[in-house]
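Here the structure is laid out as structure tokens; the discussion comes afterwards.
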Ligand SMILES: Cc1cc2nc3c(=O)[nH]c(=O)nc-3n(C[C@H](O)[C@H](O)[C@H](O)COP(=O)(O)OP(=O)(O)OC[C@H]3O[C@@H](n4cnc5c(N)ncnc54)[C@H](O)[C@@H]3O)c2cc1C
């Protein structure tokens, strides 16, 4: 058992760390304040191959895996979470469903552009009437046998990367029929951006992740060819459960990065800030806070790497992914709160990175399955069936 990164992953970590400090850190605050999507930074990430990290080289990917993706996400989120979630959603939710479930033609059509970051994909699961209870999907897709097209109607909300200038597709879940027991049969369908009847609302005004793109989407008699079905008809529910299990590892890595970023900023600030004639770092109360923050970031890292290593090796990872997501998001919120406290009044000023980290931390307990949903999954894996 070895929890150290391989030399290749350590190289990747250093490269992304350097990029985050040299390219992202100086610019991202302004994008965040303006609630603007940072196209130039995303383009650069595309050139570095980050959007293709876990995909095969034959489709333009880097031939890596979820460990590589997690390492990159952690380093980005140490500096900024809007950038990290743009990568996470682009890879785990945009491109991964096509990689895992797409036909050869769908992979050839979409993956090369998604891998270079020239195009972003999105995943539309959540609806205004329910996110945790995703089986309650109301969006419908009916196959028009005369034209051999799906006709989609419904609304999706909170969809990341769905309305940028470079968004090329949204994979949506929709009810395509009923099972013999009357339960809805859900399928996933690829809807290219710009399809008539597919409307993308203005970006939400959010508490955090302000340099990332999140929108409501509506579908009114949207017609796409029958071959835009992703995977098997009626398997959409099972497919997105797998996508979300994997995505939780990525979110856990991102949350670990935010938690570590809070430690980085707090160590720096505590050594600089003077009170009562000495640096605040000389107080044991501050030292203990930071020591606890470091402990939490460290255990969060072990948890996501363990879940990722299981996934990569083909072992079961559902429970470990839920544990990692639950733990790392809790830790991210804890560390963001303490980092702000250590910064005093300056921690409440948006020009300080910890203010952004505080605002960005809360969503980690909500997106890609709330903390309650993670507990439900863990309990179920322990055989505690309600
Ligand atoms: C910025 C942002 C980006 C997002 N990006 C995407 C995206 O790209 N694609 C996408 O499909 N979705 C996306 N989401 C949606 C996100 O995944 C959902 O918001 C989340 O899953 C929770 O769903 P909900 O908001 O409907 O809350 P609800 O499901 O209504 O839950 C409300 C509260 O009730 C609790 N609850 C629900 N059921 C139970 C239960 N059985 N037991 C105990 N407690 C329960 C929940 O934990 C929560 O605290 C995004 C959300 C945000 C805010």
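What follows draws every value from the coordinates through simple rules; no lab data is involved. The model shown is predicted, which means the values in this text are computed figures rather than measured ones. Heads up, the Cβs are rebuilt from the backbone with ideal geometry, glycines too, and the neighbour counts pull from every protein chain shown.
Things worth noting here:
- Euclidean distance of C-alpha centroids, the stretch 150-222 and the stretch 9-24, integer Å: 33 Å
- Mean-position separation - Cα centroids, the stretch 54-70 and the stretch 267-328, in angstrom: 27 Å
- Calculated FRET value between residue 384 and residue 165, using beta carbons and R₀ = 35 Å, to 0.05: 0.15
- Length released on extending from residue 179 to residue 376, taking residue separation times 0.36 nm less the Cα-Cα span: 68.4 nm
- Virtual spin-label span in nm between residue 295 and residue 274, 7 Å along Cα→Cβ: 3.3 nm
- Cβ-Cβ FRET estimate between residue 341 and residue 132, R0 fixed at 25 Å, reported to 0.05: 0.20
- R0 of 30 Å, Cβ-Cβ distance residue 315-residue 349: FRET efficiency to nearest 0.05: 0.10
- For the chain, the longest principal axis of the Cα atoms and the long axis of helix 371-381 meet at an angle of about 70 degrees.
- Note on the chain: with a GNM built from Cα contacts shorter than 10 Å, the maximum mean-square fluctuation among 258, 244, 326 falls on 244.
- Between 0 and 90°, nearest 10: helix 39-48 axis offset from the chain longest Cα axis: 90 degrees
- Among 145, 266, 132, residue whose mean-square fluctuation peaks in a GNM of the chain (springs only between Cα atoms under 10 Å): 145
- Distance between modelled label sites at residue 285 and residue 43, nm, 7 Å Cα→Cβ extension: 5.0 nm
- In the chain, helical runs assigned H by DSSP with n ≥ 4 each contribute -39500 (n - 2.57); averaged across all residues and rounded to the nearest 500, the mean residue ellipticity at 222 nm is -15500 deg cm²/dmol.
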